[in-house]
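The values are calculated or read from the model by the stated rules, or taken from the named source; none is laboratory data. This one's a predicted model, so the numbers in the text were calculated from it and none came from an experiment. In this analysis, Cβ positions are derived from the backbone assuming ideal geometry, glycine residues included, and neighbour counts consider all displayed protein chains. Heads up: the accessible areas ignore ligands, DNA and RNA and are worked out on the full protein's heavy atoms, side chains in. Shrake-Rupley method; radii C 1.70, N 1.55, O 1.52, S 1.80 Å.
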Amino acid sequence: MRFTTLIAAIIVVGLGYWAYHQTIQTQMADREVNRLQRQIVQERERLGILRAEWAYLNRPDRLRELARFNFDRLELLPLTSNQFGNVAEIPFPSPIDDAEAFILENASTPEWDGEVEPL
């Protein structure tokens, strides 16, 4: 009888220790989640500030004034219509070449005969 009482007491102490350990780990994880959430809020605020600065620095009137001010120093050329090309001048790959490339890439694989092998 005393042996079972001793075993039961050891089990109760072990389970108490395990429960306490789990509580501590849960509290640590909760603190980490809170820290990460605060960090996410700070980073979102920082991102909002950076977006506002980006919008401020990329105002068309400001960029136009900077280009006009630094026109000679940057050796910029005035924009003319002959600097643009036609869409017809772009070398698009033909669909036939794509199909041939697909066939050549998959030529080493055997043909599928329509049957499925059981697992």
> Counting Lys +1, Arg +1, Asp -1, Glu -1, what net charge surrounds Leu50 among other residues with beta carbon under 11 Å of its beta carbon?
Replying inline: 0
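So if R0 is 41 Å, what FRET efficiency would Arg73 and Arg44 give, r being the distance between their Cβ atoms, rounded to the nearest 0.05?
Computed FRET efficiency for Arg73 and Arg44: 0.60.
So for Arg73, Arg35, what's the accessible-area order with a 1.4 Å probe, most first? Walk me through the numbers before you get to the answer.
Values: Arg73 175, Arg35 100 Å².
Ranking Arg73, Arg35 by accessible area, largest first, yields Arg73, Arg35.
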